[in-house]
Amino acid sequence: MRIVIAGGHGQIALRLERLLAARGDEAAGLIRKPEQADDLRELGAEPIVLDLESASVEEVAEVLKGADAAVFAAGAGPGSGVDRKDTVDRAAAVLFADAAVRAGVRRFVIVSSMGADAEHQGDEVFDVYLRAKGEADAYVRSLDGLDWTILRPGQLTDEPGTGQVRLEARTGRGPIPRDDVAAVLAELVDTPATAGLTLELISGSTPVPVAVRSVAGN
């Protein structure tokens, strides 16, 4: 499979690229800075320099052509302000989804956030973030041309992954290592039976492949 990942130099994306390359898939990551390219190459991934905050739908669709799946793992980051929550967490996700439709890439997985809600109230940065993520999720759900899965992890940590998770429509809040988020994403892109599902993810007691098969109904 060829999988194109938005936010290719992000902490989850780098882990995902390593996993995909190790299992023989062709991973490509969109990055904003040319100096990030070597980090992806070292993992076995193809770097593509393209800034989703300034690119057109046509430009993004061009790099998505021929892909088997697209993963939106970009984020403005914890130090960013209100404006970039909108331009990255909402607008870039919308752009990437539109480009996937235009390029004919049906399998689409988006990394959202637990608590994301287009109707979320409040004006603090985190409120805007949850609203932006919720709006992006709602937009993706509205597109007929995508077999989408929305993944909403709990509190992200840098603890080593355990490979044991809880993946359900509703899990309640809890932590989840980024390693395990990446492992779940790698399974999801390869499990089209999870299309149409919005899933929450926290640490648990079920091996990742089993957890994904379970929600897929297999």
Per the rule of 0.36 nm per residue minus the C-alpha distance, extending E58 to R41 adds in nm 3.6 nm
Exposure proxy check on H9, H120: fewest-to-most Cβ neighbours within 10 Å is H120, H9
Residue-normalised 222 nm signal for the chain, counting each DSSP H run of n ≥ 4 as -39,500 (n - 2.57), nearest 500 deg cm²/dmol, is -10500 deg cm²/dmol
Least to most buried among I110, I12, by other C-beta atoms within 10 Å and fewest first, runs I12, I110
Connecting every pair of Cα atoms under 10 Å apart in the chain and solving the GNM, the largest mean-square fluctuation among D117, D144, D127 falls on D144
Options [x] 28, 19, 16; [y] 36, 23, 12; [z] 22, 21, 17 are given for semi-axes √(5λ) of the Cα gyration tensor in Å, and the computed one is [z]
Between the alpha carbon centres of region 80-122 and region 141-186 the gap in Å comes to 16
Given unit charges at Cβ for Lys, Arg (+) and Asp, Glu (-), the dipole magnitude of region 106-218 about its Cα centre in debye, nearest 20, is 340
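What order do you get for L16, L95 when you list them from fewest to most C-beta neighbours inside 10 Å?
Starting with the residue having the fewest Cβ neighbours, the order is L95, L16.
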Rounded to the nearest 5, the percent of DSSP beta bridges in the chain running antiparallel is 15
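To the nearest 20 debye, what is the magnitude of the charge dipole of the chain about its Cα centre, counting +1 on the Cβ of each Lys and Arg and -1 on the Cβ of each Asp and Glu?
On the way: 23 positive and 35 negative charges, 111 e Å.
For this selection, approximately 540 debye.
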Checked against the positive end of the charge dipole of region 2-216 (+1 on Cβ of Lys and Arg, -1 on Cβ of Asp and Glu, about the Cα centre), the farthest of G77, G10, Q164 is Q164
Note on the chain: contact order normalised by length, alpha-carbon pairs under 8 Å, 6 or more apart, percent, works out to 18
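Computed from the coordinates by the stated procedures, all read-outs in this text should not be read as laboratory data. What you see is a predicted model; the values in this text were computed from it and never measured. Cβ sites come from the backbone with ideal geometry, for glycine too, and all protein chains shown count toward neighbours.
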